[in-house]
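Q: There's a structure below that I have some questions on.
The values are calculated or read from the model by the stated rules, or taken from the named source; none is laboratory data. Note that this is a predicted model, so its numbers are computed, not measured. Here the Cβ is made from the backbone with ideal geometry for all residues, glycine too, and neighbour counts use every protein chain on show. All accessible areas refer to the heavy atoms of the entire protein, side chains included, with ligands and DNA or RNA removed. Shrake-Rupley method; radii C 1.70, N 1.55, O 1.52, S 1.80 Å.
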Amino acid sequence: MTQTIRPFDLQAVRRDAREHIEKGAITVGYSADLPAVLKMLNDSLATELVCVLRYRRHHFMARGIHSQAVAAEFLAHANEELGHADLLATRIAQLGGEPDFSPSTLLSRSHADYAPGNDLADMIREDLIAERIAIDSYRHGIASLGDKDPTTRCLLESILAMEEEHADDLADLLQHLPTPPVTAH
């Protein structure tokens, strides 16, 4: 089946570009539900910030014989999650919204929990769970956007790829972490 390409009305595009110039990147051609997109992006921002805080705590609290390498991985992931937060905040501002960094609502807006973890294995598990939640959250956002906001969709796709890499790293760490011997009482 062939798809017909609509003619490009350059005169209309030029005219429309002059109207509502204060909206910046939001042109007549933007077809996504802007308030819903901004909410999704702010919820994603909250999720990333909670993940930054959890990863940083785990970095500083990692103990045990294998902790040095795992702590370094936690710190690397924290820094990458902060980069995601910055990208999301930038996109929110581009769309005319305000990035919500409010500590008072951060956890309630985050899709992931802030779980401190009891030991190294528990910390890895909690971070892996959070990554898996983020993966499905980003997949849902990408599917919801479809072709209505390709810039935001591409941003979410790039973050999703990194979240999948994080989940793979953590699953590998968890699989190769020696289990402590069981002692009889």
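Q: With the requirement that a residue be on the phi > 0 side of the Ramachandran plot and touching a residue at least 40 places away in the same chain (Cβ under 8 Å), what does region 6-46 give you? Lay out the reasoning, then the answer.
A: The initial filter retains those residues of region 6-46 that are on the phi > 0 side of the Ramachandran plot, namely 20, 24.
Selection gives Gly24 alone.
To keep it simple, each residue is scored yes or no on (1) among the aliphatic types (A, V, I, L, M); (2) within 16 Å of Ser44 (Cα to Cα); (3) open to solvent by 30 Å² or more (accessible area, probe 1.4 Å).
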site: Ala130; (1), (2), (3): yes, yes, no
site: Tyr138; (1), (2), (3): no, yes, no
site: Ala143; (1), (2), (3): yes, yes, yes
site: Asp147; (1), (2), (3): no, no, yes
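Q: Look at region 23-77 and say how many of its residues are of a type in the set (Ser, Thr, Tyr), within 19 Å of Ala115 (Cα to Cα) and modelled with pLDDT under 95.
A: Taking region 23-77 as the starting set, the residues that turn out to be of a type in the set (Ser, Thr, Tyr) are 27, 30-31, 44, 47, 55, 67.
Add one more test, that the residue is within 19 Å of Ala115 (Cα to Cα), and what stays is 44, 47, 55, 67.
Keeping just the survivors that are modelled with pLDDT under 95 gives 67.
Here the count works out to 1.
Q: Still on this model: For Arg6, indicate whether it is surrounded by fewer than 11 Cβ atoms within 10 Å (Cβ to Cβ), among the basic types (Lys, Arg) and more than 25 Å from the chain's Cα centre (by Cα).
A: So Arg6 fits the description; yes.
Q: Look at Leu49 and say whether it is in contact (Cβ under 8 Å) with a residue 60 or more places away in the chain and touching a helix residue (DSSP H, G or I) at 6+ places or on another chain (Cβ under 8 Å).
A: yes
Q: Right, next: Check whether at least one residue in region 28-36 is open to solvent by less than 20 Å² (accessible area, probe 1.4 Å), in a helix (DSSP H, G or I) and hydrophobic (A, V, I, L, M, F, W, C), and report yes or no.
A: Looking through region 28-36, none of the residues is open to solvent by less than 20 Å² (accessible area, probe 1.4 Å), in a helix (DSSP H, G or I) and hydrophobic (A, V, I, L, M, F, W, C).
Q: Further, regarding this structure: Is it fair to say Asp100 is of a type in the set (Asp, Glu) and more than 23 Å from Ala167 (Cβ to Cβ)?
A: Numbers: of a type in the set (Asp, Glu): yes; more than 23 Å from Ala167 (Cβ to Cβ): yes.
Criteria met by Asp100.
Q: Follow-up question, since we're still on this one. Taking region 76-99 as the region of interest, how many residues are open to solvent by 50 Å² or more (accessible area, probe 1.4 Å), of a type outside the set (S, T, N, Q) and on the phi < 0 side of the Ramachandran plot?
A: Total satisfying the criteria: 6.
Q: Can you work out which of the residues in region 37-67 that are surrounded by fewer than 16 Cβ atoms within 10 Å (Cβ to Cβ) and more than 23 Å from Ile129 (Cβ to Cβ) is farthest from the chain's Cα centre (by Cα)?
A: By that ranking, first place goes to Ile65.
Q: Follow-up. For the list (1) of a type outside the set (D, E, K, R); (2) open to solvent by less than 60 Å² (accessible area, probe 1.4 Å); (3) within 30 Å of Ala25 (Cα to Cα); (4) free of Cβ contacts under 8 Å to residues at least 60 places away in the same chain, I need the number of the one condition that Ala167 fails.
A: With (1) of a type outside the set (D, E, K, R); (2) open to solvent by less than 60 Å² (accessible area, probe 1.4 Å); (3) within 30 Å of Ala25 (Cα to Cα); (4) free of Cβ contacts under 8 Å to residues at least 60 places away in the same chain applied to Ala167, the lone miss is (3).
Q: For region 95-119: of the residues being touching a residue at least 12 places away in the same chain (Cβ under 8 Å) and of a type in the set (Asp, Glu), which is nearest to Ala25 (Cα to Cα)?
A: Across region 95-119, the extreme among qualifying residues is Asp100.
Q: Within region 11-27, track down each residue that is assigned to a helix (DSSP H, G or I) and open to solvent by 50 Å² or more (accessible area, probe 1.4 Å).
A: Gln11, Val13, Arg14, Arg15, Ala17, Arg18, Ile21, Glu22, Lys23
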